[in-house]
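What follows is calculated from the coordinates using simple rules that are stated; it is not laboratory data. Values in this document were obtained by computation on a predicted structure and should not be read as measured data. Note that each Cβ is placed from the backbone with ideal geometry, even for glycine, and that neighbours are counted across all protein chains shown.
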Amino acid sequence: MLDSEYDFNINIDKVVKMLVIHEFEEITIGDLTPFDNITKEEKNLIGQRAVARFLDGIVKQEEYYQLTLEFNQKETNDSKFASYIDKLELILQMKLYEEQGYSDMYSEENKDLLKAGWIQKLMNNGAKTISDLFVDYHKPSFNGNEVFDSITDYVRDNNIQESIQKKKTKDTKKY
C-alpha cells in the first residue's frame, strides 16, 4: 500500500522478494534480539549461511542470495525500504500482541530484561509499554523518513485494533 500512495522510487517486486527471503532466514535462525549478545555482522553472517543452505540447488540461487546481501547492506532504495517494512511489521505485531494482552512489560518474565541499560534509557525517555520500547528502539532505523516516522508515531499513540475496526466499518458502509 505504501508503494501505491508514495513515490519511494523502488522496485516493489524486488522488495517483496527480499522480504520473503529475509523471512525464510528468520524462520531458520529465529528473531535475534539485542539480548542475544550478537553483533550485527555475526547476525548477518549466520543469516547468510542459513539462506545459502535454504536456497541450495534452486535455479535462481545466486539471484536470491544477492538479494539477501543487498537487504543486509541497506544501501539501495529497495533494501532500505525492505528494511523499513521489516521493522514496521515488527512494531505493528508487538503493538497488536500488547493490545490483545499477550505482552506485559512488567511481567515476572520481563523483570530481568527491564534492568538493561538501553531499556532503562528508553523508559526514562517516556516508554511505558513494550510496544513503546519497540517503537523507540527501532524508530531511528527509519533515518528520519517522514512516512515511516509518522506511521510509528501513529502506532505508538493509537489503538491499532480499534483503528482497523473503524476502517472496516467505514469501508463496509461504502458498499
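Candidates are the residues of region 50-74 that are farther than 18 Å from Ile29 by Cβ and among the hydrophobic types (A, V, I, L, M, F, W, C); the one that is surrounded by the fewest Cβ atoms within 10 Å (Cβ to Cβ) is Val59.
Give Leu45, Leu55, Leu19 a once-over and let me know the one that is closer than 19 Å to Ile85 by Cα and of a type in the set (A, V, I, L, M, F, W, C).
Working: Leu45 fails: closer than 19 Å to Ile85 by Cα; Leu55 fails: closer than 19 Å to Ile85 by Cα.
Within the list Leu45, Leu55, Leu19, the selection yields Leu19.
Is it true that Asp136 is in contact (Cβ under 8 Å) with a residue 24 or more places away in the chain and more than 24 Å from Asp3 (Cβ to Cβ)? Quick ask: steps written out before the conclusion?
Numbers: in contact (Cβ under 8 Å) with a residue 24 or more places away in the chain: no; more than 24 Å from Asp3 (Cβ to Cβ): yes.
Against the criterion (in contact (Cβ under 8 Å) with a residue 24 or more places away in the chain and more than 24 Å from Asp3 (Cβ to Cβ)), Asp136 does not qualify.
If the condition is being β-branched (Val, Ile, Thr) and either more than 18 Å from the chain's Cα centre (by Cα) or part of a helix (DSSP H, G or I) (or both), then region 11-37 contributes Ile12, Val15, Val16, Val20, Ile21, Ile27, Thr28, Ile29. Surrounded by 12 or more Cβ atoms within 10 Å (Cβ to Cβ) and without any contact (Cβ under 8 Å) to a residue 60 or more places away in the chain, is that true of Ala116? No.
Residues in region 75-96 that are surrounded by 11 or more Cβ atoms within 10 Å (Cβ to Cβ) and free of Cβ contacts under 8 Å to residues at least 24 places away in the same chain were compared, and the one that is farthest from Ser4 (Cα to Cα) is Gln93.
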